[in-house]
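*Asks:* One structure coming up, written as structure tokens, with questions to follow.
The values are calculated or read from the model by the stated rules, or taken from the named source; none is laboratory data. Quantities reported herein were computed from a predicted structural model and do not represent experimental measurements. Glycine gets a Cβ as well: all are built from the backbone with ideal geometry, and neighbour counts include every protein chain shown. For accessibility, only protein heavy atoms count, side chains too; no ligands or nucleic acids. Shrake-Rupley method; radii C 1.70, N 1.55, O 1.52, S 1.80 Å.
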Amino acid sequence: MLEKGSSYITITYKLRLYHRHQDWLLETRQLYNQVVRHYEQILREEPSFLEQSNFLLLRTLEVNSVGTKEKRAKGEIPRWGLIGFPKIPLYFRRAAIHTAIGLARSRQTNRRTQEIGSDISVLNCSPVFYKGMYREFQTHSITLKLYTGLNWVWVQYPYMGRSIPEEGRWLSPTLKIGKKETMLHLPVEFAVKDRRTIEERLQQKKSICAVAFPDQDCLAVGVWMEVDGTVRDTFFVRGGKKREAQRRRVLKRLKKSQQSRQSFGQKKEGTKENAKLYQKLKQINTFYIHQVSHEILDYCKKQQISVIVVPNYKKTIPFWKYSYLKTTVYRWQGRGILRALKYKAYREGIQVTTIRPYHISDRCSVCGSPIQRYQEGKRANQNRYGGPLFICPKGHRGNVGKNTAQNIGRYFLRLFQEEVEKREQEK
């Protein structure tokens, strides 16, 4: 149990349920959406209810739909009674009410939802299972309370997925029913080990780790630096050649599939085979994103580094806007690694901060002169940016990734020192 006032992070674990009584799962989801629609309609008719807190609003909706013991004893029928519905379990009803409240508040604050979301005849909300709707949550199975269309039954479902750590606090799981698989999304709440800000850490002379993402054979380069800018160690996360070999095999199959379909006058995209190959590429990228972020985090934990500095790449490029066969934009995984690294590091009490990526890869970290990479522009088909080594006009040379990481770290420390001096002058 987390202490009051402590920081925490919530990570969702996705568990795949084995197919069993799929029709009962669909019946449960359909009934859940019907109940959500019923309470959402009440809030449309009585928008003044939304002025209450969620706790009081829950009570108000229950009184107006189920009634109280006194009213039921007198035979009074609630204004918005659940007429035509089967018997609804308490925690199933409360989960639906909270979903309806969320939809109503979203409609109230979102202008776009107010304009185009007036029709609620079709809802596709995922059922949330409160503690009374599931039991016997074991290592490889869970028992869910489902609606069969006639009554409620308890069904045990085996599942597979990542092992759930014991130190976290499990929250209410959500049922996600897809075309080919059924997933149970389980939020797990973890306490954060260190709540100190970056300024507090650096004032205590804590070291930092500056990380760059060259995206060649070396997927990430980290530099362990002291607050005064002294470099203590450098580490490399490799695996780019292996990743490219895996993706090259998939791209070869994808190109062959598109050419064969084009020769018969059929569409190149949208086929089931192509969709599977695109999904395979996505899975390869996701694997290396998590692997690289894990290795960076493991190094920082081993060296007791509490601050990680990375470039801030704000402009994201959706991968589906580019052809996998005509461009290499999809290859770069830096943004994905940053997203994974931020939430994983926060759980371990490590702060991740960013800097503007301004001249971090084209300047020498020693003298600041423009650098030139070996074989730059000579092997355009393989790497138009050149090789992994560089040289500057003053004779400094070395690894491009390491040079970029040093620029990131020193740029961050310089900005931090300027901010500290500015605050001292204002005082």
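*Asks:* Could you grab the relative contact order for the chain? Cα pairs under 8 Å, six or more apart, rounded to a whole percent.
*Replies:* Result for the chain is 15 percent.
*Asks:* Quick check for you: with a 1.4 Å probe and neighbouring chains kept, what is the accessible area per residue of region 13-146, in Å²?
*Replies:* Result: 58 Å² of accessible area for each residue.
*Asks:* Report the percentage of all Cα-Cα pairs in region 152-268 whose separation exceeds 19 Å, rounded to a whole percent.
*Replies:* That fraction is 76 percent.
*Asks:* Which links in Lys87/Lys344; Lys242/Lys344; Lys179/Lys256 stretch past 32 Å when you go from one Cα to the other?
*Replies:* Checking Cα-Cα distances, Lys87/Lys344 exceed 32 Å.
*Asks:* Ok, one more. Choose one answer from Ser172, Ser48, Ser141: the residue with the largest mean-square fluctuation in a GNM of the chain with alpha-carbon springs under 10 Å.
*Replies:* Ser48
*Asks:* Which length gain, in nm to one decimal place, applies between Lys69 and Gln283 when the Cα-Cα distance is subtracted from 0.36 nm times their residue separation?
*Replies:* Residue separation times 0.36 nm, minus the Cα-Cα distance, leaves 71.6 nm.
*Asks:* Still on this structure: Below 13 angstrom from the Cβ of Glu200, what's the summed charge of the other residues (Lys, Arg +1; Asp, Glu -1)?
*Replies:* Combined, the nearby Lys, Arg, Asp and Glu give +3.
*Asks:* With charges only on Cβ, +1 for K and R and -1 for D and E, what is the dipole size of the chain about its Cα centre, in debye, rounded to 20?
*Replies:* 1900 debye
*Asks:* Which net charge results when you count Lys and Arg as +1 and Asp and Glu as -1 among the other residues whose beta-carbon is under 11 Å from that of Cys218?
*Replies:* So the environment of Cys218 carries a net charge of +1.
*Asks:* Ok, one more. With the Cα gyration tensor of the chain in hand, convert its eigenvalues to equivalent ellipsoid semi-axes via √(5λ) and list them largest first in whole Å.
*Replies:* 50, 30, 20
*Asks:* Based only on the alpha carbon positions, what is the Kirkwood hydrodynamic radius of region 148-192, in angstrom?
*Replies:* Kirkwood radius, region 148-192: 13.1 Å.
*Asks:* Right, another one. Out of the total accessible area of the chain (probe 1.4 Å, heavy atoms of protein only), what percent is carbon and sulfur?
*Replies:* The nonpolar share, carbon plus sulfur, comes to 49 percent.
*Asks:* Below 12 angstrom from the Cβ of Leu297, what's the summed charge of the other residues (Lys, Arg +1; Asp, Glu -1)?
*Replies:* +2
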